[in-house]
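The values are calculated or read from the model by the stated rules, or taken from the named source; none is laboratory data. Owing to the predicted nature of the structure, the values given are computational and were not obtained by experimental measurement. Every residue, glycine as well, gets a Cβ built from its backbone with ideal geometry; the counts of neighbours run over all protein chains shown. Heads up: the accessible areas ignore ligands, DNA and RNA and are worked out on the full protein's heavy atoms, side chains in. Shrake-Rupley method; radii C 1.70, N 1.55, O 1.52, S 1.80 Å.
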Amino acid sequence: MSILKVLFSLVLLFICSSLNAQVATKYTLSFENASHNEATIKAQFSNLKSSEVEITMSRSSPGRYALHEFVKNVYNLKATNGEGKALELVRIDPYSWKVSDHDGIINLSYTLYANHGDGTYAQVDETHAHLNAPATFMYAPELSNRAVEVTFNVRTDLNWKVATQLKHLKGTTYYAEDFQYFMDSPIEISDYRKKSFIVDGQTINFVLHDELATDIDFEEYVLNTQKIVLQQKAVFGQLPTFDYGEYTFLACYMPNVSGDGMEHRNSTVLTSTRSLSHGGKERNIGTVSHEFFHCWNTERIRPKSLEPFNFKEANMSGELWFAEGFTNYYDALTLCRSGIWSHDTYIKDMQRGFNYVWNSPGRQFFNPIEMSYQAPFVDAAKSVDEHNRQNTFISYYNYGEMLGLALDLSLRMYNLNLDEYMKLVWEKFGKENKSYSIPDLQQTLSDYAGQEFSNTFFANYIYKSEMPDFEKLFDNVAIKIEKREAVSFGAFVREHKLMSNPKIGTMAYDAGFKINDKIIKIGDFTLSSVVNLELALSKYNIGEEVEITFERYGKLISKKVLVKTDTNYTLSYDPEANEKKLQRKKEWLQPK
C-alpha cells in the first residue's frame, strides 16, 4: 500500500472515530417480514444522564404541519439495559414511555408496520423500504443534540441499495450530526437506478425507483430536471451549499405508493403511481420543479415560526402563502422558462389557479396569513366530522401562487421583478442562515421597491384579502383577461347528488341546498343518464325562477329556485399588444 493510501486511511479512520465518539443514538433496521409490511428496528440510547428517560415517537413531520400520530404503527416494544437486563416501559401518554433503572444505556426494539409510501409516512414491502424518519424512529429527547447513526440490513436477495441525504460512513451505515437533521432525512431503499450531474462543483443525484421506465425515459427526465435546476439557480444567482456537496431527488414512481412531494434540506421525496413510461415524464415533472425551489425557499429561507421544527406538536405558520405559495408560482414559471411547458400550457395552468382563488368566497373570512394558519387542519390531516372548507378555505399553495403572480406583475409595472426580490430575500436570510417573519418580508420589499409600494401591497393583499387590478397588470405583459358569466348551480354534483356544500352566493346556496341532497327534477326535466343537471339548467334564462324537486333524508321536497350565474375568468395572450408589452412578456417568461 502506498504512503498516500495509508495516510488517507488514517485520516478516514480519524474522521469516523471522531464522528462515532459523538454518537449517542444508534439504530439498526432489518426487513425480513417485508411481505407483511413490517420492519424490525433496534435502537441503542447511550450516555444517558437522567434517572428516568423518556422514549417517544414523533407526532409531526418536517414539511407537514398537521399531527399524524406515527406511534399507532409501533408494537412489540421491549427494552433492556446495557447488560441485557429487561427494563420496564411505563406509558405516560399516547406517544411516550418512561424508562428507569438503566445503566446509562437503553436498548430498545420494536416492530414498525409501514404501508403508506409518500412524503410523510413509511412503506415496507418487497419492492422497497421507503422511510420517512419521523414515521419510523422512536427516540430519546434527552439525546436530541447528539449525533445519530443508523445501519440498514438491506435485502440483498432483492438487490436493495440505500439512497439518502445522510452522511455515508461505511457499508450501509449512515450518520447525522443531530436529531433535527436526522428527522429531516428521508431514505429510499430499493433496486433503484441513479443518474447524476454536476452544477458549480456540486452533485445533483436523481434516484429513480420505477420498474417500468425505460433508460431513454429516465435520461430525458433527468435532462429536464437539469433544465429546472439551472433556471431556478438563475433566480437566486447560485445554488445553496449542500451538505456533503450533494442534493438527491428520491423518486419512487411505483403503483403501490401515494402521490406526493416533500422537501428536505439536501433531498426531496417524489412519489407517484405514474411511471415515466406511462405519462409520468409530463405529469410528474411539476413536483420536481416545486420541490427543488424549496431548497432555497422554505429550507434555507425559513420562517421563524418553523424554527426549530417541533416533533411533539402541530407546527403553525402564518408564512405558508410565501413559503409554499411563492414556490408554487415558481414551479410553473420554471417549467415555462425552461421550455418544458409552452406559453399556452403555462397560461392555461395559471387560469385554473386564478379562477379558484379569486372566485372563492373564502377571501371574505380569512386573509393569506390566516389561510396559512389552517395548515394543521388541512395538510393531510384527518377528521371524521363534516366541514365547510369549500366556502371558508383557499389553499395557501394556490393563494400564495396568485400573490406571487400579482407581486411579480406589479413590480414589472416599475421595471422591477420578483426574481430580484427573491434574490434579496435569499441574500438577507437564506445565505445568512437567519429565519424571517412577515414584517421582514415587508421590509425587504420596501428595501427593493420602496416603502410606499411595499406598504400598499402588504396592507391590501397580505393583511387583507383584496383582489389586485389584474386587468391592468396583465395588460402590461400582453395578456388579456376576460370576465364571463355562465349559468351555474353552485355545487359539485355527481349522479345528481350534491357532493359538496353549495358555494356562497350561488343559486344552490341561496335556495338552501346542502350536501347529500339528490336532485330528481328541474322544471319539466327529470334527471337521468341522458338529462343531467347542466343540460336541464341550460334550458332556462338567467333570473328565471324554476322549480326543483330533490330528495333529502328519504323525503321529496320541491322549491322555487332563481337561476343565477357564476363568474369565470379566461386568460389569453394579446396578439395586438404593442412592442413594449411584448418585450415585457418576453422578459418575464424567457429563459434566464
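Can you pull the accessible area of THR506 for me, 1.4 Å probe, Å² to the nearest 10?
10
Taking the solvent-accessible surface of protein heavy atoms with a 1.4 Å probe, what is the per residue accessible area of the stretch 199-285 in Å²?
36
Would you mind getting the Kirkwood hydrodynamic radius of the stretch 396-532 from its Cα pairs, rounded to one decimal in Å?
On the way: mean 1/r = 0.0533 Å⁻¹.
Averaging 1/r across every pair of different Cα atoms and inverting gives 18.7 Å.
Top to bottom by accessible area (1.4 Å), largest first, where do TYR253, TYR95 land? Before the final figure, lay out the partial values.
Values: TYR253 5, TYR95 55 Å².
Sorted descending by solvent-accessible area, the residues read TYR95, TYR253.
Determine the calculated [θ] at 222 nm for the chain from helices alone, applying -39500 (n - 2.57) to every DSSP H run no shorter than 4 residues and normalising by the residue count; nearest 500 deg cm²/dmol. Write out the running numbers ahead of the final one.
Numbers: 18 runs with 171 residues, N = 592.
Calculated at 222 nm, the ellipticity per residue is -8500 deg cm²/dmol.
Have a look at PRO94, THR156, ASN115 and report the one farthest towards the positive end of the charge dipole of the stretch 43-166, computed about the Cα centre with Cβ charges (Lys/Arg +1, Asp/Glu -1).
Of the listed residues, the answer is ASN115.
Enter the Cα centre distance for the pair the stretch 351-408 and the stretch 58-81, rounded to the nearest angstrom.
Distance between centres, Cα-based: 29 Å.
Given R₀ = 35 Å, FRET efficiency for ASN455-ARG193 by Cβ-Cβ distance, to 0.05? Don't skip to the end; give the middle numbers.
Working: r = 52 Å, r/R0 = 1.48.
Using R0 = 35 Å, I get an efficiency of 0.10.
First compute the accessible area of the chain with a 1.4 Å probe, then give the percent of it belonging to carbon and sulfur atoms. Before the final figure, lay out each step's value.
Numbers: 12650 of 26180 Å².
Here carbon and sulfur together make up 48 percent of the probe-accessible area.
Subtracting the Cα-Cα distance from 0.36 nm times the residue separation, let me have the gained length for THR549 to GLN22 in nm, one decimal.
Values: separation 527, 0.36 × 527 = 189.72 nm, distance 7.25 nm.
Additional length available on full extension: 182.5 nm.
Please sort 403-413, 223-233 by packing, taking for each peptide the average over its residues of neighbouring beta carbons within 10 angstrom, highest first. Could the numbers behind the result be given before it?
Values: 403-413: 21.2, 223-233: 19.4.
The peptides rank, most packed first, as 403-413, 223-233.
Which value, in Å³ per residue, describes the convex hull spanned by the Cα atoms of the stretch 283-337?
Details: hull volume 4.8 nm³, N = 55.
Per residue, the Cα convex hull of the stretch 283-337 comes to 88 Å³.
Ordering TYR247, TYR121 by how much accessible area each has at a 1.4 Å probe, largest first, what is the list?
From most exposed to least exposed: TYR121, TYR247.
With the crude spin-label approximation of a point 7 Å out along Cα→Cβ, what separation in nm comes out for TRP358 versus GLU420?
2.6
So what is the relative contact order of the chain, in percent, for Cα pairs below 8 Å that sit 6 or more residues apart? Don't jump to the answer; show the numbers that get you there.
Working: 1180 pairs, mean separation 61.7, N = 592.
The normalised contact order for the chain reaches 10 percent.
Helix by helix, which DSSP H runs in the chain go 24 Å or more along their axis at the Cα atoms and have an average Kyte-Doolittle hydropathy of 0.5 or more?
Membrane-span-like by this rule: 3-22.
Using the reciprocal of the averaged 1/r over all distinct C-alpha pairs, how large is the Kirkwood radius of the chain in Å? Before the final figure, lay out the partial values.
Values: mean 1/r = 0.0374 Å⁻¹.
Evaluated on the chain, it is 26.7 Å.
Which peptide among 294-302, 136-144, 198-206 comes first, and what is the full order, when sorted by highest mean count of other Cβ atoms within 10 Å? Mind dumping the intermediate values first?
Values: 294-302: 23.2, 136-144: 21.0, 198-206: 14.2.
In descending order of packing, they fall as 294-302, 136-144, 198-206.
Which links in LYS195/LYS281; LYS49/LYS434; LYS42/LYS98; LYS503/LYS585 stretch past 24 Å when you go from one Cα to the other?
Numbers: LYS195/LYS281 16 Å; LYS49/LYS434 32 Å; LYS42/LYS98 17 Å; LYS503/LYS585 35 Å.
Beyond 24 Å between Cα atoms: LYS49/LYS434; LYS503/LYS585.
What distance in nm separates the two pseudo spin-label positions at GLU587 and LEU562, each 7 Å out from Cα along the beta-carbon direction?
Here the modelled spin labels are 4.8 nm apart.
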